[in-house]
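The structure appears right after this line, and notes come after that.
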Amino acid sequence: MEDEIDGAVPCSSLAVDSILRVGTAGAIWGLCMGPYDARKQGLSGVARASFVAKAVGKFGFQYGLIAGIYKITRCGIQRYRRQNDWVNGLVAGALAGAAFAARTRSWTQVIGMAGLVSVFSAAADYSRTS
């Protein structure tokens, strides 16, 4: 069913859908982790509320951005190659993993994360298409 939907819907719409869904999950994660981290830092009152709000925004933005990069790359490669196989997930996972680790500014971490996400994405696509 996903193949039928992917063929009729523009990649940009699929990316926006992924950004909103995964970004919302990231915001919820920030809402759960924010108070915990604020308590660990000894924050209270307005400082704690501000910290939690920033955590919600940070996690929501990061997760949504990575989901958008992954989805638009996978969809674009799938349409370009006209094939729905594990290679699409491999390339999209590598790009999304590299984007996730790029803020560390460590090539070792960027390459490691790109490889890790790439392998998991390709395995998920392979199991879905087989």
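The values are calculated or read from the model by the stated rules, or taken from the named source; none is laboratory data. Computed from a predicted model, the values in this text were never measured in an experiment. Cβ atoms come from the backbone with ideal geometry, glycine included; neighbour counts cover every protein chain shown. Protein only, heavy atoms only, side chains kept; ligands, DNA and RNA dropped before computing areas. Shrake-Rupley method; radii C 1.70, N 1.55, O 1.52, S 1.80 Å.
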What angle do you read, to the nearest 10 degrees and between 0 and 90, between the alpha-carbon axis of helix 107-129 and the longest principal axis of the chain?
50
³J(HN,Hα), Karplus 6.51/-1.76/1.60, whole Hz, each residue of segment 94-102, x for Gly, Pro
5, 5, 5, x, 5, 5, 5, 8, 4
In nm, to one decimal, how far is the VAL46 label point from the ILE111 one, both placed 7 Å along Cα→Cβ?
4.9
What's the angle, to the nearest 10 degrees (0 to 90), between helix 11-40's Cα axis and the longest principal axis of the chain?
30
Dipole magnitude of the chain about its Cα centre (Cβ charges: Lys, Arg +1; Asp, Glu -1), debye to nearest 20:
620
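Where only protein heavy atoms count, and the probe is 1.4 Å, what is the accessible area per residue for the chain in Å²? The partial results should precede the final answer.
Values: 8180 Å² over 130 residues.
Using a 1.4 Å probe on heavy atoms only, each residue of the chain averages 63 Å².
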Looking only at Cα atoms, what is the convex hull volume of segment 9-73 per residue, in Å³?
57
If one takes the longest principal axis of the Cα atoms in the chain, at what angle in degrees, from 0 to 90 and to the nearest 10, does the Cα axis of helix 45-81 lie?
10
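Could you tell me what percent of the accessible area of the chain is made up of carbon and sulfur, with a 1.4 Å probe and every protein chain present?
Working: 5480 of 8180 Å².
Percent of accessible area from carbon and sulfur atoms in the chain: 67.
Computed over the Cα atoms, what is the radius of gyration of the chain divided by 2.2 N^0.38 Å, N being its residue count? All intermediate terms of the calculation are to be shown ahead of the outcome.
On the way: Rg = 17.2 Å, N = 130, 2.2 N^0.38 = 14.0 Å.
So the chain has a normalised radius of gyration of 1.23.
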